[in-house]
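Visitor: I'd like to ask you about the structure that follows.
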Amino acid sequence: MKRHWFLLALVFGCAQGATAGEVEDLLTRVRAGQAELRNWELEIPAVQAEREFTIRGKTDKSTFATFHHERSTLVALGTRRYCLTPNEAFVVEKTPASGQYALVFQSANKPEELFHTTAGKSHLLFRPLTAAVQSSTVLGVLDRAGFKAESVTRGEAGLVTLRYSRPLPGQGEGGVDRGALTFSTDNHYLLTRFEYELITKAGDTSSLYRGVVTRKFTSRNGRPVVTEVSQVLSSTPAATSDNTTKVRYTYPAQGASPDEFRLEHYLPPPPVLDVYKDRPPFNWRLWGGIGVSCIALSVLLTWWVRRKRSQA
């Protein structure tokens, strides 16, 4: 009987709301964990991903690869190459007609922000450890205006769940964002599950959006790596944005060559201009005639000068 009371007390103890100190400590550990995971991610030479995207009963499959080299990221997706370096971001695409790459865009102004914007929502799945549902989403949630930690629940196998809420800007009292982030405390607070609900209002009409992201991971060289990510998006009433995404990751030993992280690798060198190409051929007869005429004229002038002197 005592054992049952003990287990019951343990369950209620785990479900208690966290104190302010516990929340601050958790947030500090989560931020530090995201930084560690992001640094380790950049040390992975290659990640191969198989993606299945299902919407309205139709499934689209695609394969892409992510490479890292000296703090740079390269994503190969179809005929496009997205590259982010510490100094710039650029995108090139292979044209079907010529089979050569053409520049889509290049910028050194806020390269990381532009890289993510250009890649679109797909970039959330490019980096299995941190981007989007890891560093980008976790830190994005924590830094949102009006963010409020509701509770901290510790579960089995070193898992901790942080529940939060925040008012949606411009939505009045009815607009709210609620969610739960579950981290693995034993694996540097790698995100394992992310649930959220968005209640929005437009006039008298309200909509409820739900999202669930789950992540499976394993250990590779003593560090956690994600092996599968699933994401389910739904809404009430149903919308065209409702979809399901599954991505499976493998880690090839061979990465990309250092040259592939440079724009010059994809674009052909500028043509060497032949400055003599459009110049007309040398006209020997014309210049020869001019030369003979000049000699004859100089002889004639010399004769005329001497004659004038002799007459004088």
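The values are calculated or read from the model by the stated rules, or taken from the named source; none is laboratory data. Note that the structure is a prediction, hence the values are computed from the model and not measured. FYI the Cβ positions are ideal-geometry reconstructions off the backbone, even for glycines, and counts take in every protein chain you see. Ligands, DNA and RNA are excluded from the accessible area calculation, which covers all protein heavy atoms including side chains. Shrake-Rupley method; radii C 1.70, N 1.55, O 1.52, S 1.80 Å.
Visitor: Taking just the alpha-carbon atoms of the stretch 132-260, what radius of gyration and Dmax come out, in angstrom?
Guide: 17.5, 56
Visitor: To continue, here is another question. When a/c reaches 1.5 or more, the comparison of a/b and b/c decides; with that in mind, is the stretch 27-128 rounded, prolate or oblate per its Cα gyration tensor?
Guide: Oblate shape, in that a/c is at least 1.5 and b/c is the bigger or equal ratio.
Visitor: Can you list the residues, at least 5 places off or on another chain, whose amide H is less than 5 Å from the amide H of V104, using H built in the peptide plane?
Guide: V91, V92, E93
Visitor: In addition: Let me have the relative contact order for the stretch 27-128, percent, based on Cα pairs under 8 Å that are six or more residues apart.
Guide: RCO, the stretch 27-128: 17 percent.
Visitor: Take each of the peptides 70-81, 195-206, average the number of other beta-carbon atoms within 10 Å over its residues, and list them starting from the highest.
Guide: Sorting 70-81, 195-206 by mean packing, highest first, produces 70-81, 195-206.
Visitor: Now, a different point. Run the numbers for T117 and L267: contour at 0.36 nm per residue of separation, minus the present Cα-Cα distance, in nm.
Guide: 51.7 nm
Visitor: Now for a separate question. Leaving out same-chain residues fewer than 8 places away, which aspartates and glutamates sit with a Cα under 12 Å from that of K246?
Guide: E50, E52, D60, E228
Visitor: Sorted by packing (mean other beta-carbon atoms within 10 Å per residue), highest first, where do 96-105, 179-188 land?
Guide: With the highest mean Cβ count within 10 Å placed first, the list reads 179-188, 96-105.
Visitor: Please report the carbon-and-sulfur percent of the accessible area for the stretch 132-260; probe 1.4 Å, protein heavy atoms only, DNA, RNA and ligands left out.
Guide: Carbon and sulfur together cover 48 percent of it.
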